[in-house]
Each structure stands twice: as C-alpha cells, then as structure tokens.
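The values are calculated or read from the model by the stated rules, or taken from the named source; none is laboratory data. Only a predicted model underlies this, so the values are computations on that prediction, with no experimental measurement involved. All Cβ positions, even for glycine, are placed from backbone atoms using ideal geometry, and neighbour counts span all protein chains on display. Surface accessibility is based on the protein's heavy atoms, side chains included, excluding ligands, DNA and RNA. Shrake-Rupley method; radii C 1.70, N 1.55, O 1.52, S 1.80 Å.
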Amino acid sequence: MATALSYSRVRYQKLRNLSRFSKILRLQSSRCCQERDNLPEFGSSVLSELSMIDPDLDVGKKLANPIELQKNIEARGLENINIQKLAIKYGRMMKIKQEKDALDQERKMLNNQIQTMIKEKIQNEEIENVKVKARGLREQHDTVVKSLQDVHHEVNLMAFGLPNTLSLLTPVDNEEVLEVFGSTEIKQKKDNFSHIEVAEKTDLIKFSSVGDQAFYFTAEAAELHQHLLSYFSTRVVDQGFIPMKTPDFFKDFVIEGCGIHKEMAYLMHQPYVDQGIQYCVLGTSEASFAAYLTKMNISQKSLPLQLMSVGPSYSPVRKSLYPGLFSAAQTSKVNLLGVNSTSEESYSTFTELQQLILEMYKQLEIPLRLILVPAHKLKLSEEIRAELQIWTPSLQEYLSVASISVLGDYISRRLAVGPVGIPEFQASTLHMVYGEVLDTTRLIAVLLEHGSLDKKAGTYQMMKSNIFNQFNNDV
Amino acid sequence: MRAFQIWRQISKSDFTFCKSKVITRFLSSHPVPEAWTRPFDPPSPEFDWLYLCDDKNRAAIEENIVNRKGVGDINQVISLWKTFQKEKDVAKKESLLQQLNEAASKIPNRTSPTSPIGSEEQAECKGLFGTKREFTFKPQSVMEIGKRLNLLRTSDVGHTTGPRTYYFLSDFAKLEQALIKYTLDNILPQGFTLVSVPDILSASVVEACGFRTTGDRNQVYKLESNRHDNPLCLAGTAEISLAGLFMNESLTTLPKKVCAVSRCYRAEVSRLEEEQGIYRVHQFTKVEMFGVTKNQGGDDLLLEFLEIEKQLFQNLGLHFRVLEMPTQELGAPAYRKFDIETWMPAKELWGEISSASNCTDYQIRRLNIKYRETNKDDGVHAETVNGTACAVPRLIMAIVENNQQEDGSVVIPEVLRPYMSGQTHLQRSPLRGKLTFSKGKHPR
C-alpha cells in the first residue's frame, strides 16, 4: 500500500511537471505562431540588403525534379512547403527574366544603331527619334528589373525553407544501426540511478536557479569536463584539423544561412544590435565556422580545409523530454568542419570521421552504437547524419552524444563561401562535412550514471576506465 | 496472466513493457531537478543597518561616496530608515522597506585605509617584477605577428560577428589552451576546487555582485526577455557565477577557494588607439579565482591570491607591476583592489592583465552567504575575494610581443612548452592557399 502511494505521488509530480511543461510548450507555440505572423520569414535576414549576400539556392535544379523534392520533403516530415506555388512563382520569374534579356538585347541594338548613325553623320532629327525610342526602352527595362528583383526575392524567400538534398544512404523510416560495441545487458539492472540522484547525494553537480536551467560541475566532475575537452580536441587536431577559437555570437543571417531558426539561439537584447540586425548567442556550433567562412573565396590549394572549434554552446529551446542535464541549456563542445571541392570527397570524409569518433568513444569502454538517423530527424541543412550513441542507464536507451553530418553545399550557397581559381573550379560549389565530436554536459551526465552510487550510504564512485588514466598522463 | 506479469513489472518499477519510449521515460521516477522547477527568487539583502543608519557614520560614508565617484545617497537612506522605524501601517512599512533596500544597495562598500584616494593616476606601485626587455629592433604588435603567421584574424570579421571580435587559429588557439592548463595545474594544488559555471545568469545575481545591468553605461549583455521568466544576462566574469554557487548557503568550513574557466562577455567599448585589436574585446576566456572567508579574513585571502598571480606571471617571464588601486577604480563592491599590469612593448604601454579584489561582505549580504561556527546557531556574514588568474587575449598579447625575435619568430615560454607538445616556437598556421574576403555584395 505504501509502495502504491509512493508511486502515485511520484506519478502525480510527473503529471504536474508534464502539464506545466505542456503549458509552456503550448504557450511557446502559440506565442511563436503569433510571433511568426509578425516576425520576418525564415531566411529574410540572409536575403536582406544588410547581409551583402545574394544566395544561390539552386531553385531551378530543385524544381527540375519535383517528385524527388516532394519525396524529400515527405520523408523529412516537413510541413507548409508548397512546391506548386514555388514552381509557379519561379516560372513567372523566369518569364520576366526572359523579358529583361530581350529588352537588354534590344537596347544594345539601339545603342549600336545610335553610335553608327553618329559616325555616319546622319541628321540629328533621325538620331533623336532613335534616342527617344531608347529612352522608352530604358524605362521599360527599369520597370522589368524592379519586377524581377521583387519576384526573385519572393522566390528566394519561399525556397529558403527547402531542405538539402536527401542522401540515398539516409534511412527513411527508422534508424539504421551501423555498429554496436559493448553489451547493455549488464546495465539493465534494478539499481540504476540517474545523474539527478548523483547530484542529490554528492557535490559533483549542483542544479541552480541562478540562470536558465543553470548547473555547476564541481571537483572531479569539473576536472572531467576539462579533461574531456582536452582529450577529444587533441585527437581531432592529431587528424590534421586546425584548431580555432571563435566568437560566440553571430548576426542573424549567419544563423539562418546554416538552416537554423533564430528561435534556436538566445537573442541579444537591444541596443547591442546594429540597425535591423539581430545578434544570436549560440556559441560553438556550425555557425562558428560559417561566420568565419562567409563571403570568403577559397583557393583549391586550401582544400581540403579542416577546422576544429572548442567552446561553450548555448541552446534555449528545450523540445526534448530528456530529464536533467540531457537537455541542459549550456554545454561545451568540440566541433569540426571539413570543406571539400566535391560531394564524393565529402562522403569519403564522412566515412572516415565516423570511424575516428567511434574509436575515440570506444576508449570509454561503455556500451555504444553508431547509427544513421532517419530522414525525419535530419536538420534542413543535412543530407545524412551519423550519430554516436551511448547506453544511458537511467533512460534505458541509447542517447546521442556525437554526430557527423554531410551538409553538401547548403551553407556555401547561402553564405557565399565560394571557390576561386581556374574557371572550372570557380564554377563549382564547395561541400562541407560537419561534426559535433563532444558534448560535455551530456557525456558527463552519462558517465556519472555508469559509476556506482550507494544510495543508503550516500557515497559515489566514478566509473573506472583506462581513459581516465590517460587524462592524468596528458599534460 | 499477461496483466499479472505487467502488474509485477510495475511493482518493480520496470516499465520496459511500454512500447513507447516517451511513456517509459515519463513513468520512470526521474524528477526534474527541483531548482529548475521554481523561478529564481533573489534573497532579501541584509544590509548593515547599524552601520549605515548611525548618524555618527554619516560623514565618513558621504566622504567615501565622494571618493568613489559619488554614487549613492546616505542621507536618503537615513531619512527612509527613520521613517521606516516610526511607521505602524504594515503595507506602508513594506513599501518603505523596498525603497530603503533600493537606496542602500546604491551605497558602495567601505574602503580600505590603504587604498589611495582619487583617480587612476593615484594608483600606487607596490612592486616591479621581471626584467623589461630591451629590443634591438622595432617590436611588432600581436596584430602584425598574428596576421603574418596567419594565427589571428581581426579584419573583415565584423560583418558576421560584430565589432571587436577575433579568431585565434592554430598555435594561438593552442596557446589559449596551454595557458588555461598551465594556470589550472598551478592553482589547483593550492587548495582550489575547480567548478564549471553557467554563463547565462539572472540579472538579479549580476546586480547582487555589484554589476549594473541597466543604464547607458553598463557593460552587461542582456538577452531578449520575452521568452524567459526572468531577465537573463551573459556573465562578464566567472566571479558572478561562483558567487551564485554559494548563494543562500550556510558554510561550516572556511575558507572556500574555487576557480573556474569561463567565457566572459563584456559590452565595453573604447575608442583609444592602444586598446584596439585584442586588448579590449567583447568575448574572451578567463580563469578566475574566487574565495569565501571568515569575517576580517578578506585581506589575507586577497594577498594570497595576489601572490598566486605574481608567481604565475613571473614563471611566464613577464615584466609587470603591481598597483594598489585608488578609490575611483574600486567600483561599488571592492573594499581593496590590486591590479597587475604588464609591459606591452609594441605600443609601449602598461596593460592590465589581472585584477584582484576583496569585496568583504558586499556580495555576501546580497546573496545571503553565511558561515556557521561550531556550536553556534546564528550564521555570520562571511567575506568574498576574487582574482584573475589568466585573461587569455591580453596574456597572449604580452607573451607574443615580449618573446618575438628579430628574425620574426616567437619563442614559447618554457613553462608552456609541455602544454604545446614541446614546441619551442610558434609555427605559421598550416592553412594552405588563400582565403580572401569578398567585399561588396557577393553575387552568384
């Protein structure tokens, strides 16, 4: 009876928290819906004059195969994308462009005619008649150019929300397990505990109300934090990635250029913004690299370009129902980016990096697996994503701690990251592979759950692993 | 039979029979951390009314306010206090208390009798350390060296990340990590506990530490508030987060010495030529020391922090001076403060690389941090001390400029070499080819 009452109490608390969470979600979504009516559309910051970028969204190529595009959209579970409407608008744009081209041709002919007439010293009255015609054409041309700009902007705004190409290797319905390491049977025991309980019994974690889902790691947990950053970043650098220290806030068009909605970042409060530009606080992310490479012309000699960034990462949107630190607002990350000249090279890098990450995490000697995520879990910018997942005792499931994605030329087209050199190279686009190698908050929470907690005695022992010995040897 | 099996599983808290992982997660007993379920409730400040409202102290407090740039009105505090004492009506008393707290919060901390009075020029040099290097050639600035070796990018960055932003590449990024590890390896054995801190904090916590979050000239970045319950800010220093760690705590063992590596965000601007480049930036990494100690123990802990800082910088081979800061440079919370400035040869100026302050009970009274002596029930206000162990960009500036050679190479200080795989000199970035910024609107 006591047990049943206890369960009821816990269930009641969970229900209360869930209803509060649902209320927040509903409020957020209703606020978002209201706000969406007033907020600029997704991509508008990239398309504004302030970004100084004219993105190439390759709309024509996407619309050339509408069935494939539709399949892509459906597989990803995206809503509110009307391909037909876009196609109609695009058709209209091409028509206006043809009109403009014809007018350009006609104006050129008239100008040549005027030049010839002047040379041949033909009567001024005749020249003037031609000039009047030319002036009329110019006005017509200006009107058409304005129309073209307007419809081009509309087309781009509609097309901005289109997802990246879907790789043929991406599973559609369910995840595809590529490799499994370690057994989860030994971990499915009754005395599992969560990192939240570790926080209650020890001083290793302190949850606090001083900030947005704030927490502190102290002593061994904090030292583990630094060791993990050092361990993973050193190994990535050893593979030839150039380390960088990057800024943590970005102008809004950089975020949107990466396919990220502004709501996914903390927004800077006025007046620390330039006129009409919003600063977004995201920390270490794909935006770190995108900001560095925006409007950069890259020579073929520089490829493959391999960069690594380490630092704090912030995320205010908590759609996840994972408890505690698994969906914390702040973490530290080790991320990497590879820039290649072809898609094939990107996929080759994608495969190599999967193995690199798998080898690094195997050193932890805990059950893990490598999977390909299904299409409906991909970000807009991703063609394919592989995730490294670790068995999490409190959740009794695998939890993602690292990932590698092929971004193709999604970001380079939107943020004008261009090749420069021989004409053939310059006419192509640059392809990217992005990796999140380490998420310290998540990983530490999982590692703590693989330790041993004596709830009665209130004592805790971190898990034993050779990797921790390596930390002591690493200077 | 199946229902009985399910009932047995439920009684053992095993919900794996659920096909839905979401429901399984919901049913398992892992509550949300309690601290995250309640809104931030700042503690009520406990001002020293006996001291503030004693007429005998009025003149001294007024003089202190004037010496510290004149913020705060003690006459208003005393007047409100007298009215508060006489008021009988509960509601009016409540309102008066709010006004009283607000007025009292503006009164700066007391000042150490050793602090010089006046502006920055009155700072007293308490010691000169290291040897000033005499150059036989014109030393380059860190900007010039960084650009030449492709280790630093500050040009054409404002377009995407705003003014005063920078990228460290390759060996500069490694140097940052090396400085952090070197600093931690030296301070942790001295009784410090490492803490990972939050960078996004409630405005109330920031204000309680003596940093203004409102008004034109505050340095604190604030975040859009319409999506959060409390106004949120980016921490300008880990001092705030570390003070927040001890908020509402009743400590039994002192001193508590903690340190943190954190990203610091400051909106400060400067039009001075010498502060361009990476000297004054909006975002940087810092290792901060923070301590809580017994009443009257602040000065001893401050001097201990100062010794640690001096040792760290001496080992790096820097030429620096220690300054006891005058009253106008103390800010609101500091009772006593020491700055360390190192010689920057390119600009030929002294640049601040560290600051250490004894805040006595200023932050303590606002964050309700007390300590309890054994066998006593009442808590007593403690004191807090903070100090910069490593502010990365300026240290890199100092190290690179002071260690450059005539042939253009830059020697890495010996103490940092183990943290850079034994490298003795900075190497040019391995980035091949050219990356050039496209000015103007980029067409495709």
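Spacing of the modelled spin labels on residue B:134 and residue B:86, each 7 Å from Cα toward Cβ, amounts to 7.3 nm.
Using the Cβ-Cβ distance between residue A:352 and residue B:373 with R0 set to 51 Å, the FRET efficiency from 1/(1 + (r/R0)^6) comes to roughly 0.25. Take every DSSP beta bridge whose two residues both sit in chain B; close to 95 percent of them are antiparallel. Pairs over the 32 Å Cα-Cα cut-off, from the set A:89/A:295; B:106/B:347; B:181/B:256: B:106/B:347. Each listed q (0.08, 0.09, 0.10, 0.13 Å⁻¹) maps to a log10 I(q)/I(0) for chain A from the Debye sum over equal C-alpha point scatterers, namely -0.59, -0.71, -0.85, -1.32. If R0 equals 45 Å, the separation of the Cβ atoms of residue B:381 and residue B:185 corresponds to a calculated FRET efficiency of about 0.85. Diffusion coefficient of region B:340-444 by Stokes-Einstein, Kirkwood radius over Cα pairs, 25 °C, 0.890 mPa s: 129 µm²/s. Remark: spin-label model distance residue A:146-residue B:156 equals 3.5 nm, labels positioned 7 Å along the Cα→Cβ axis.
Of all complete DSSP H helices in chain A, those with a Cα span along the helix axis of 30 Å or greater and a mean Kyte-Doolittle hydropathy of -1.0 or more are A:2-38, A:83-119, A:124-160. Take each residue in B:161-173, count the other chain C-beta atoms within 10 Å of its C-beta, and the mean is 6. If you run the Gaussian network model on chain B, springs between alpha carbon atoms under 10 Å, then out of B:175, B:431, B:312 the most flexible one is B:431.
For region A:202-361, averaging the sequence separation of C-alpha pairs within contact (under 8 Å, six or more residues apart) and dividing by the residue count gives a relative contact order of 22 percent. On a C-alpha basis, how far is the centre of region B:31-73 from the centre of region A:333-355 in Å? Whole number, if you could? Value for the Cα centre distance between the two parts: 55 Å.
Based on C-alpha pairs under 8 angstrom that are at least 6 apart in sequence, region B:402-444 has a relative contact order of 26 percent.
Seen from a random direction on average, the alpha-carbon convex hull of chain B projects onto 33.0 square nanometres. When accessible surface is computed with a 1.4 Å probe, chains A and B are found to bury approximately 8400 Å² between them, both chains counted.
Close amide-amide hydrogen proximity is noted between residue B:237 and B:265, each under 5 Å apart and 5 or more residues distant or on a separate chain (H modeled in the peptide plane; Pro and chain starts excluded).
Kirkwood-based Rg over Rh for region B:68-181 (C-alpha set), two decimals?
Rounded to two decimals, Rg/Rh equals 1.27.
Peptide A:219-228 shows a mean partner chain C-beta count of 4 within 10 Å per residue C-beta. Residues within the reach of a label modelled at residue A:359 (point 7 angstrom out along Cα to beta-carbon, backbone nitrogen below 15 Å), restricted to region A:214-257, are A:232-241. Here region A:269-406 is assigned +1 on the Cβ of each Lys and Arg and -1 on the Cβ of each Asp and Glu. Its dipole about the Cα centre then comes out at about 300 debye. Candidates B:215, B:331, B:419 compared by Cα position along the dipole of chain B: farthest toward the positive end lies B:419, with charges placed on Cβ. Maximal additional length on extending the residue A:127-residue A:154 stretch stands at 5.7 nm, based on 0.36 nm per residue less the C-alpha distance.
Taking every protein chain into account, the 1.4 Å probe leaves residue B:362 with about 20 Å² of accessible area, to the nearest ten. Mean per-residue shielding of peptide B:40-51 is 1, counting Cβ atoms of other chains within 10 Å of each Cβ.
Dividing the convex hull volume of the alpha-carbon atoms in the protein assembly as shown by its residue count gives 231 Å³ per residue. Positive-end ranking of A:412, A:465, A:432 along the dipole of chain A, with charges on Cβ about the Cα centre, is headed by A:465. Projecting the Cα atoms of B:231, B:100, B:122 onto the charge dipole of region B:78-232, computed from C-beta unit charges around the Cα centre, puts B:122 farthest toward the positive end.
Normalised by the number of residues in region A:359-475, the mean separation of alpha-carbon contacts (under 8 Å, six or more apart) gives a relative contact order of 20 percent. If only the Cβ of Lys and Arg carry +1 and only the Cβ of Asp and Glu carry -1, the dipole of chain B around its Cα centre is close to 2180 debye. Using heavy atoms of the protein chains and a probe of 1.4 Å, the accessible area assigned to residue A:381 is about 0 Å². Count Lys and Arg as plus one, Asp and Glu as minus one, and take only other residues whose Cβ is under 11 Å from that of residue A:335; the net charge is then -2.
For residue A:74, the solvent-accessible surface computed with a 1.4 Å probe is close to 120 Å², ligands and nucleic acids excluded.
Please give me the summed charge of the neighbours of residue B:386: other residues whose Cβ is under 9 Å from its Cβ, Lys and Arg +1, Asp and Glu -1.
-2
Note on residue B:117 and residue B:49: their simple-model spin labels are 3.1 nm apart, each label 7 Å out from Cα toward Cβ. A simple charge model with +1 on the Cβ of Lys and Arg, -1 on the Cβ of Asp and Glu and nothing else charged puts the dipole of chain A at about 1240 debye relative to its Cα centre.
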